[in-house]
Amino acid sequence: MTSRISRRDLLVTGLAFGAVPALAQTGKLPVVASFSILADFARRIGGDRVEVTTLVAPGNDVHVYEPTPDDARKLAAAKLIVVNGLGLEGWIERLMKASGAKAPIIAATKGVRPIREEAGAPGPRREVRNDPHAWQSIANVKIYVANIRAGLGEADPAGAGTFSANASAFLAGLDALEAEVRETIASIPRERRRIITTHDAFGYFGATYGFSFIAPKGVSTETEPSAADVAKIIRQIRAEKIPAVFLENVSDPRLMQRMAAESGANVGGTLYSDSLSPAGGPAATYVEMVRNNLRELAAALAK
């Protein structure tokens, strides 16, 4: 099923909208979040009063997600829908229309000052658009928390006090996390705060905390680099004196070993950007995700 899902498609599967069962049979507020990071925020703020389901599961890419009829069923039964906004969920409007959902939609980035990024292939048609990955700055996450708290309070006025208390506790935790981030980064020499990564999701992190995330030149981020691509990356590392490289789409250990040996750069582990890890993984919550990324950056750049 592609993102061109239609109302007819849903009816054919037997998911007629008038017969959609409630997601929450326990009296909890049914909330749908577009992807795993937002779901974590909603659960922390909503607590025991909400039942949160996620459209894009942990470990999946929200940018290229293809909705299913089950997603439409979730939306049709929701009482609140939480999305990121800033163009992240390009498929959400079509899915909302197909589902017939009536629940209010909260854009968690409302009030965030976006940074601009270039997208597409180099050349005159290269597009400049808002960078949607605002959660990589903890200051922005505090705006997310305020927006989600307000949305939950409007959907469930009786729980407003609970949501405010949970949000305050979460914000205190974010203050502590911010201090941890800044302390760790302060231990990394300024001249070493430069890495190559196939991720394009760390613009807010770099702008907020003084890091440079550099894309590998001439190498696609969608497929594993070839030996020739790795040679290009090695030349780039040497020319720009980059101390570390994180290439998540390289699974061949021989290529990684060659890169480390010939470039002198430290090869880092996994940085989580657009998704949490599955439960039990190193980044199952937002706080754990940030700490995992900090550990990986510090380990690769400390030498």
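The values are calculated or read from the model by the stated rules, or taken from the named source; none is laboratory data. Just so it is clear, the model here is predicted, and its values are computed rather than measured. Positions of Cβ are backbone-derived with ideal geometry, glycine not excepted, and every protein chain shown enters the neighbour counts.
Give Lys102, Lys74 a once-over and let me know the one that is within 24 Å of the chain's Cα centre (by Cα) and modelled with pLDDT of 90 or more.
Within the list Lys102, Lys74, the selection yields Lys74.
Would you point out which residue out of Gly111, Gly27, Gly85 is without any contact (Cβ under 8 Å) to a residue 12 or more places away in the chain and assigned by TED's automatic domain parsing to the domain that holds Ser164? Step through it out loud before you land on a result.
Numbers: Gly111 fails: without any contact (Cβ under 8 Å) to a residue 12 or more places away in the chain; Gly85 fails: without any contact (Cβ under 8 Å) to a residue 12 or more places away in the chain.
Exactly one residue qualifies, and that residue is Gly27.
Do you know which residues across the stretch 82-99 are over 17 Å from the mean Cα position of the chain (by Cα) and either of a type outside the set (Asp, Glu) or under 15 Å from Ser36 (Cβ atoms) (or both)? Spell out how you get there, then give the answer.
Initially, the stretch 82-99 is screened for residues over 17 Å from the mean Cα position of the chain (by Cα), giving 93-99.
Matches in the stretch 82-99: Arg94, Leu95, Met96, Lys97, Ala98, Ser99.
Restrict the check to the stretch 227-249 and report whether at least one residue is surrounded by fewer than 19 Cβ atoms within 10 Å (Cβ to Cβ), polar (S, T, N, Q), out of contact with any Ser or Thr (no Cβ under 8 Å at 6 or more places or on another chain) and not in a helix (DSSP H, G or I).
No: the stretch 227-249 contains no residue that is surrounded by fewer than 19 Cβ atoms within 10 Å (Cβ to Cβ), polar (S, T, N, Q), out of contact with any Ser or Thr (no Cβ under 8 Å at 6 or more places or on another chain) and not in a helix (DSSP H, G or I).
Select, from Leu276, Leu255, Leu294, the only residue that is modelled with pLDDT under 90, among the hydrophobic types (A, V, I, L, M, F, W, C) and either part of a loop (DSSP other than H, G, I, E, B) or under 17 Å from Thr197 (Cα atoms) (or both). Quick ask: steps written out before the conclusion?
Numbers: Leu276 fails: modelled with pLDDT under 90; Leu294 fails: modelled with pLDDT under 90.
So the residue among Leu276, Leu255, Leu294 that is modelled with pLDDT under 90, among the hydrophobic types (A, V, I, L, M, F, W, C) and either part of a loop (DSSP other than H, G, I, E, B) or under 17 Å from Thr197 (Cα atoms) (or both) is Leu255.
Could you give me the residue pairs with C-beta distances under 7 Å whose first residue belongs to the stretch 170-198 and is on the phi > 0 side of the Ramachandran plot and outside any helix (DSSP H, G or I), whose second residue is surrounded by fewer than 15 Cβ atoms within 10 Å (Cβ to Cβ) and at pLDDT 95 or above wherever it lies, and which are 6+ apart or on separate chains?
Close Cβ pairs satisfying both conditions: none exist.
For the stretch 77-87, name all the residues that are surrounded by 23 or more Cβ atoms within 10 Å (Cβ to Cβ) and not in a strand (DSSP E or B).
Ala78, Asn84 - these are the residues of the stretch 77-87 that are surrounded by 23 or more Cβ atoms within 10 Å (Cβ to Cβ) and not in a strand (DSSP E or B).
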